[in-house]
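Chemist: Below is one structure. I have some questions about it.
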Amino acid sequence: MTSDNTAEPIPGGAADRAGSLPFDTSVAHQARIYDYLLGGKDNYAADRVAAEAALKIYPEWAFTARANRAFLGRVVRFLAAEAGIRQFLDIGTGIPTAGNTHQVAQDIAPESRVVYVDYDPIVLAHARALLTSHEAGATEYIDADLRDTSAILEGAARLLDFSQPVAVTLLAILHAIPDSDDPHAIVARLMDAVPSGSYLALTHAGSDLLGQETRDGFSEATDPLVVQDFVFRPLEQVARFFAGMDLVEPGLVRVEEWRPEPGTAGTGTSSLWCAVGRKR
Ligand SMILES: C[S@@+](CC[C@H](N)C(=O)[O-])C[C@H]1O[C@@H](n2cnc3c(N)ncnc32)[C@H](O)[C@@H]1O
């Protein structure tokens, strides 16, 4: 997409006022870069510059984004249709696009309840698109940082019944959390709050899925331009997020390899690990 056919979000909207991440169009934000990679219009010049710099080093990043989004559809269908889940806590929601979690879940089970969480003001500005629940179910949006698990759990408890299974989805968000914020402890706090039979689904950039040179080039191109961290982690560290859980088949694999439905994201090789675990 070029800047010519890309609409800028409206100044003075909710994005100017709220959100725990400051609204700043001069630096790139992961939510808006992801929107650009998926062909959306809710991104700014800084986001497009950062995305294009990374694509020069790593052209399959666009496929990786599409494969991640396609995984979201497959995993939510699995959770609703096969695992019988009716409650979802989707953290790191992203800018709404086609096939948001509540739409996928409620297509299968209209009574599904979905709580969305993101800390980017542009996601908040578009949150009304996430609040279009089927009348049999319900959706809620919480403007919060993943690291503030108490605020998330307190807010989510207004809609979700934590005595019943909940699917926690953390898709393409944990690599924005540096080691110094202990992402494993964050996930453990969330999963401690949900009962046995709950699920965790996540995707995460894999340090062992890209060559060192590409990773270094990617980081050099994007780190100075993007407000968030981007931390690649190896399979072993991604597997540790699932402590106390049984992995659903096919286990920990690249996103496009998890119960694939060929053709949905095009063809390519992503750099994202994914897995789904069921709490014992
Ligand atoms: C790449 S997008 C993924 C969107 C969606 N989960 C998907 O997979 O299609 C990552 C999202 O995580 C959000 N995010 C990153 N760090 C976060 C944090 N600490 N707290 C809340 N949201 C965060 C970003 O704002 C962005 O919307």
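Chemist: In whole percent, what relative contact order does region 98-151 give with Cα contacts below 8 Å and a gap of six or more residues? List each step's numbers first, then the result.
Modeler: Numbers: 70 pairs, mean separation 21.3, N = 54.
Answer for region 98-151 is 40 percent.
Chemist: Based on C-alpha coordinates, I'd like the Rg and Dmax of the chain, in Å.
Modeler: In order Rg, Dmax, the Cα atoms of the chain give 17.6, 52 Å.
Chemist: Ok, one more. Could you sort 142-151, 244-253, 93-102 so that the peptide with the highest average Cβ count within 10 Å comes first and the rest follow in order?
Modeler: Details: 142-151: 17.8, 244-253: 14.5, 93-102: 21.6.
Those peptides, ordered most packed to least, come out 93-102, 142-151, 244-253.
Chemist: For Leu225 and Ala98, compute 0.36 nm times the residue count separating them, minus their Cα-Cα distance, and round to one decimal in nm. Mind showing how you got there, number by number?
Modeler: On the way: separation 127, 0.36 × 127 = 45.72 nm, distance 2.73 nm.
Extra length from Leu225 to Ala98 when fully extended: 43.0 nm.
Chemist: Here is a further query. Which residues make up the longest stretch of the chain that has no GluC sites (Glu not before Pro) in a DSSP loop with at most 16 other Cβ atoms within 10 Å? If you can, show how the numbers build up before the last one.
Modeler: Details: sites that count: Glu60, Glu111, Glu135.
The segment 136-280 is the longest one with no such site.
Chemist: So, R0 is 25 Å and r is the distance between the beta-carbons of His134 and Glu154; what FRET efficiency does that work out to, to 0.05? Could you put the intermediate results ahead of the total?
Modeler: Values: r = 25 Å, r/R0 = 1.01.
It comes out at approximately 0.50.
Chemist: Where both residues lie in region 189-280, what percent of DSSP beta bridges are antiparallel, nearest 5? Provide the component values of the computation, followed by the final result.
Modeler: On the way: 12 of 13 bridges.
Percentage antiparallel, nearest 5: 90.
Chemist: In percent, what relative contact order does the chain have, based on Cα pairs under 8 Å that are 6 or more apart in sequence? Walk me through the numbers before you get to the answer.
Modeler: Values: 541 pairs, mean separation 58.0, N = 280.
Once divided by the residue count of the chain, the mean separation gives 21 percent.
Chemist: Dipole size in debye (nearest 20) for region 103-174 around its Cα centre, Lys and Arg Cβ +1, Asp and Glu Cβ -1?
Modeler: 40 debye
Chemist: Cα-Cα pairs above 24 Å in region 33-133: how many percent? Don't skip to the end; give the middle numbers.
Modeler: On the way: 1420 of 5050 pairs.
For region 33-133, the share of Cα pairs beyond 24 Å comes to 28 percent.
Chemist: Scan around Val168 for amide H atoms under 5 Å from its own, H built in the peptide plane at 1.01 Å from N, and keep only partners 5 or more places away or cross-chain.
Modeler: HN-HN under 5 Å from Val168: Leu89, Tyr199, Leu200, Ala201.
Chemist: If we count every other residue with Cβ under 11 angstrom of Asp246's Cβ, Lys/Arg +1 and Asp/Glu -1, where does the sum land? The partial results should precede the final answer.
Modeler: Numbers: positive: Arg278, Lys279, Arg280; negative: Glu249.
With Lys, Arg at +1 and Asp, Glu at -1, the net is +2.
Chemist: Now, a different point. Just Arg259, Arg233, Arg32 to compare: in a GNM of the chain, with alpha carbon springs under 10 Å, which one fluctuates most?
Modeler: Arg259
Chemist: Still on this structure, I have one more. I want to check the label-to-label distance for Asp181 and Glu52. Put each point 7 Å from Cα in the C-beta direction and report it in nm to one decimal.
Modeler: Distance between the two pseudo-spin positions: 2.9 nm.
Here, each number is a calculation from the coordinates, and none is a lab measurement. Here the structure is a predicted model, which is why all the values come from computation and not from measurement. FYI the Cβ positions are ideal-geometry reconstructions off the backbone, even for glycines, and counts take in every protein chain you see.
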